[in-house]
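K.L.:
Below is a structure I'd like to ask you about.
Nothing in this text is a laboratory measurement; each read-out follows from the coordinates by a stated rule. What you see is a predicted model, and the numbers here were worked out from it, not measured in a lab. Positions of Cβ are generated from backbone atoms using ideal geometry, with glycine treated the same way; all protein chains shown enter the neighbour counts.
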Amino acid sequence: MEFRKRRIIDAHVHYPHYSCGVTLMPMLAEAGVNQLAVVSTPDEKRLSLLPDALHLKGLYPHKIFVFGNLDISPLFMAPEIAGQTFANYVDDLMEMGVDGVKMIEGKPAIRKRLPIPDFDDPLFAPYWEKMADTQTPLIFHVNDPEEFWDPEKIPAWAREMGWHYGDGTFVDNEDQYRQVLNVLDRHPILNVTFAHFFFLSAQLERLGEYLDRYPNMRVDLTPGIEMYSNFSKDPEKVRDFFIKYQDRIIYGTDIGARALMTDCMPSIQVEESLARIEVVRAFLEVDGPFTLTHEGFLFGGSKAVFQGIHLPDAVLDKIYFKNFWKFVGGRPKLLNFDAIVDECQRLELMINAIARLEPELGGDTSSVTMAKAFFTG
């Protein structure tokens, strides 16, 4: 499917290994993406994928924004002061030249594996105060498709990934919404974008109420299994929503998310990545029904039919890049090489210490070694 050339920032891309750049960057350039935001996450063997993201930004300093993940080690080592430690780490991230913070901790499968208290618990208070006071951009993954709590509706691939949340051992999605909304009530100017449309694509009235209530809240269009099917059920209603909230919606694809599921030397799946781009852009630009010319495991194959909402050019410009610029404050921040090397050295020490204490976890310092070498010249 051919699209008109536009300025586009993909505000939600995963970069699971520094070797992925040789595939990712040419593919995005061919697809007409001008800039991108890499959202970093914790990693079991490498502790953090931040060194990989910073390395990519070092190679393309004017094209790459980086949203750094939190250092989750305080949850295990000193949980009583974790919130203050998180707040201090925000300062460390900003010193390195990171453009914002990414939180994956609201994904139920991740939350189950970590000793995370309720987000509105007093333990988190110093962190939320720091984020609100500094207006640091936050991309926050909260919940998952509501079907994942329903054994009759969850897709087979999601069940295989361990993402069926209806057995009582995972956080309840409505309870997690309650926690996050309590945080927003306390900090209504929190500068936050909720990934995947806050998983409320089937509840637009509810989402609109939140957007009306919290002036700095945004949502991104990163595809979920349910989102574009929900959008296609009533395209006129959806189009009205997008016109009304045109200043609060950000383009993103979640490219690289599937590669995160690969244990070693992950690679970016080009066909699936192109399907992600195609479904989002066609939904925004096409007038009427469309099918995909690229195969993506999220979208039900080439026979799945979606509905486009054909937005005006001025609205498309806001969604494709202007809203993200407002969110982050413009161009990517300059990197501080010394601060990055210091963080790499800290991560290296921690990875080696954990490997000695818990050999079954392994331990992989390849990314920090690479980043150190790059940033020390």
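K.L.:
Straight-line reach only, C-alpha to C-alpha below 21 angstrom: list the lysines that Lys102 could link to, leaving out same-chain residues fewer than 8 apart.
P.N.:
Hits, sequence-local ones excluded: Lys45, Lys57, Lys63, Lys112, Lys130, Lys322, Lys326, Lys333.
K.L.:
Something else about it: Tilt of helix 235-244 relative to the longest C-alpha principal axis of the chain, in degrees (0 to 90, nearest 10)?
P.N.:
The two axes meet at around 60 degrees.
K.L.:
Now for a different question. Given q = 0.09, 0.19, 0.20 Å⁻¹, what are the Debye log10 I(q)/I(0) values for region 220-371, with equal point scatterers placed on the Cα positions and solvent ignored?
P.N.:
Summing over Cα pairs of region 220-371 leads to -0.45, -1.11, -1.18.
K.L.:
Where both residues lie in region 9-376, what percent of DSSP beta bridges are antiparallel, nearest 5?
P.N.:
Restricted to region 9-376, the bridges split so that about 20 percent are antiparallel.
K.L.:
So, one more: Tell me, what is the FRET efficiency for Leu334 and Ser19 to the nearest 0.05, using R0 = 35 angstrom and their Cβ-Cβ distance as r?
P.N.:
Values: r = 25 Å, r/R0 = 0.72.
Rounded to the nearest 0.05, the efficiency is 0.90.
K.L.:
Can you pull out the trypsin sites (Lys or Arg not before Pro) in region 286-377 whose DSSP state is coil and whose Cβ has at most 15 other Cβ atoms within 10 Å?
P.N.:
Lys303
K.L.:
Further question on the same structure: Whole angstrom only: what separates the Cα centroid of region 77-147 from the Cα centroid of region 309-335?
P.N.:
24
K.L.:
Shifting gears a bit: Any idea what the relative contact order of region 9-376 is, in percent, if you count C-alpha pairs under 8 Å spaced at least 6 apart? Please report the intermediate quantities before stating the final value.
P.N.:
Values: 651 pairs, mean separation 72.5, N = 368.
In percent, rounded to a whole number, it is 20.
K.L.:
Roughly what angle does helix 366-376 make with the longest principal axis of the chain, taking Cα atoms, 0 to 90 degrees, to the nearest 10?
P.N.:
The angle comes out near 80 degrees.
K.L.:
Turning to a different aspect of this structure: About the Cα centre of region 9-376, how large is the charge dipole given +1 on each Lys and Arg Cβ and -1 on each Asp and Glu Cβ? Please answer in debye to the nearest 20.
P.N.:
Its charge dipole is roughly 720 debye.
K.L.:
Give the relative contact order (percent, whole number) for region 167-228; include only Cα pairs under 8 Å separated by 6+ residues.
P.N.:
Relative contact order of region 167-228: 37 percent.
K.L.:
Another question, if that's okay. Taking every pair of alpha-carbon atoms in region 1-147, what share in percent sits in each 5 Å bin, from 0 to the bin with the longest distance?
P.N.:
2, 9, 17, 21, 18, 14, 10, 5, 3, 1, 0
K.L.:
Quick one: divide the alpha-carbon radius of gyration of region 131-247 by 2.2 N^0.38 Å and tell me what you get.
P.N.:
Scaled against compact globular proteins, the figure is 1.12.
K.L.:
Hand me the GluC sites (Glu not before Pro) from region 147-220 located in a DSSP loop with no more than 13 other Cβ atoms within 10 Å, in residue order please.
P.N.:
Answer by residue number: Glu152.
K.L.:
Something else: Fewest first, what order do Leu335, Leu292 take by the number of other Cβ atoms within 10 Å?
P.N.:
Placing the least packed residue first, the sequence is Leu335, Leu292.
K.L.:
Name the long-range amide H neighbours of Asn143: under 5 Å, sequence gap of 5 or more, or other chain; modelled H, no Pro or chain starts.
P.N.:
Lys107
K.L.:
Nearest 10 degrees is fine. How inclined is helix 125-134 to the longest principal axis of the chain, computing both from alpha carbons?
P.N.:
For 125-134 against the chain, the angle is about 70 degrees.
K.L.:
Also, quick follow-up: Can you give me the long-range amide H partners of Ala257? Hydrogens built in the peptide plane at 1.01 Å from N, cutoff under 5 Å, separation of 5 or more residues or another chain.
P.N.:
Here His14 satisfy the definition.
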